[in-house]
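Everything on this sheet refers to the single structure shown next.
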Amino acid sequence: MENVIVTGGAGFIGSHLVDKLIAKGIQVRVLDNLLTGKEKNINPKADHYRVDVSDLENYKFEIFEDIDTIFHLAATTAVQESIKDPILYNMANVMGVANILQAAKATGTVKRFIFSSSSSVYGNAKTPTSETHPLDPLSPYALSKLIGEQYCKLYSDIYDLDTVCLRYFNVYGDRMNDEGYRLVFPIFKEQVNNLQPLTINNDGKQRRDFVHVDDVVNANIMAAENENDFKGDIYNVGNGFNYSINDIADMFNHESDLRIFNKGVIEPFETLADTSKIDLDLKWKPKGNLKQWIENYLKDE
């Protein structure tokens, strides 16, 4: 791995991946339209192309010349927003992955394509959830990720492009989006700082498998460096332990009576990754400590 592309390299996970790759001496090209990614996140040693992956018609494929590995992270990611605007998510996520796969095939130099998928493809699943669990996407976002996985498998089977799909569970860490659609952590932090009640969707008993962004980055790099052909194979990337949203609220040290419970949000009740496959094949193990991270997060460390 010497010359790589990271789509979505100005985003939360993508920018951390770019930093790690550059620290390893790898040449990185970032493709990001900056609609949700931030220019300040882009490592100055990376080459940035302001490209919309859902519409490559106006871009020359020279961007992809001499590239040996592509990490495809670019996507729109808000589950509830996808229910309101499914066409936008189809364009960004389905057309996006199809375009980048086609560009990878056209180069003839790309040896591996790593696709960022999501545990949302499982829907309401039995836990812990393995990669063989039946799939039941509950939102256009989840469906778009499943279609992306299927495209990867087809390009491996038909065009002999080696692909691998990583199903992320709930990723947390520095550079999480703190504007627009946000995860629970920046919302709770803002409410604690403003002495406001914590707003919790449904009853707060729903449980999530939270995995640190550094662990996700390591999974991407280990998948890229592995010598075996994946041929569209799929791996869970989670912590293997979960917390309820009420547990998370407790970690923010906010009084239990200062909580507002919202109703009507469509979401799985529980996520919990079975990570035995990625441990066996890639020797990957998560290292993130959520409780410690929240303590530092509240101190702005």
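The values are calculated or read from the model by the stated rules, or taken from the named source; none is laboratory data. Here the structure is a predicted model, which means the values were calculated and not measured. Reconstructed Cβ throughout: ideal geometry from the backbone, glycine too, with neighbour counts over all protein chains shown.
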Residue within segment 146-168 that is surrounded by fewer than 23 Cβ atoms within 10 Å (Cβ to Cβ), farther than 27 Å from E227 by Cα and not hydroxyl-bearing (S, T, Y) present: no
Matching residues, segment 68-80, being in contact with a Phe, Trp or Tyr (Cβ under 6 Å, 6 or more places away or on another chain) and not aliphatic (A, V, I, L, M): H72, T76
Given (1) at pLDDT below 95; (2) within 26 Å of A224 (Cβ to Cβ); (3) not in a helix (DSSP H, G or I), index of the condition A106 fails: (3)
Residues located in segment 128-167, provided they are farther than 21 Å from A219 by Cβ, of a type in the set (V, I, T) and over 16 Å from the mean Cα position of the chain (by Cα): I158
Which listed residue, of K205, K189, is out of contact with any Lys or Arg (no Cβ under 8 Å at 6 or more places or on another chain), in contact (Cβ under 8 Å) with a residue 24 or more places away in the chain and either part of a strand (DSSP E or B) or buried (at least 16 other Cβ atoms within 10 Å of the Cβ) (or both): K189
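Inside segment 209-301, counting only helices (runs of 4 or more DSSP H) that do not spill past its ends, which hold 3 or more residues that are of a type outside the set (D, E) and closer than 22 Å to F12 by Cβ?
Output list reads 213-225, 245-251, 290-298.
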Complete set of residues in segment 44-70 that are surrounded by fewer than 16 Cβ atoms within 10 Å (Cβ to Cβ) and of a type in the set (D, E): D47, D55, E57, E62, E65, D66
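One line per residue, one yes/no per condition, for (1) in contact with a Gly (Cβ under 8 Å, 6 or more places away or on another chain); (2) surrounded by fewer than 24 Cβ atoms within 10 Å (Cβ to Cβ); (3) farther than 23 Å from V211 by Cα; (4) among the hydrophobic types (A, V, I, L, M, F, W, C):
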| site | (1), (2), (3), (4) |
| --- | --- |
| D19 | no, yes, no, no |
| A23 | no, yes, no, yes |
| T36 | yes, yes, no, no |
| I42 | yes, yes, no, yes |
| H72 | yes, no, no, no |
| V79 | no, yes, no, yes |
| M91 | no, yes, yes, yes |
| A98 | no, yes, yes, yes |
| A104 | no, no, yes, yes |
Segment 231-281, subset among the aromatic types (F, W, Y) and over 15 Å from K189 (Cα atoms), residue modelled with the lowest pLDDT: F261
Cβ pairs under 7 Å, 6+ apart, first in segment 78-90 and under 13 Å from A142 (Cβ atoms) and touching a residue at least 60 places away in the same chain (Cβ under 8 Å), second of a type in the set (S, T, N, Q) and in a helix (DSSP H, G or I): V79/S120
Close pairs from segment 264-282: first over 10 Å from T129 (Cβ atoms), partner modelled with pLDDT of 95 or more and of a type in the set (F, W, Y), Cβ under 7 Å, at least 6 apart: K277/Y235; I278/Y235; I278/W284
Residue check, A75 closer than 19 Å to L35 by Cα, assigned to a loop (DSSP other than H, G, I, E, B) and in the same structural domain as L21 (by TED's automatic domain parsing): yes
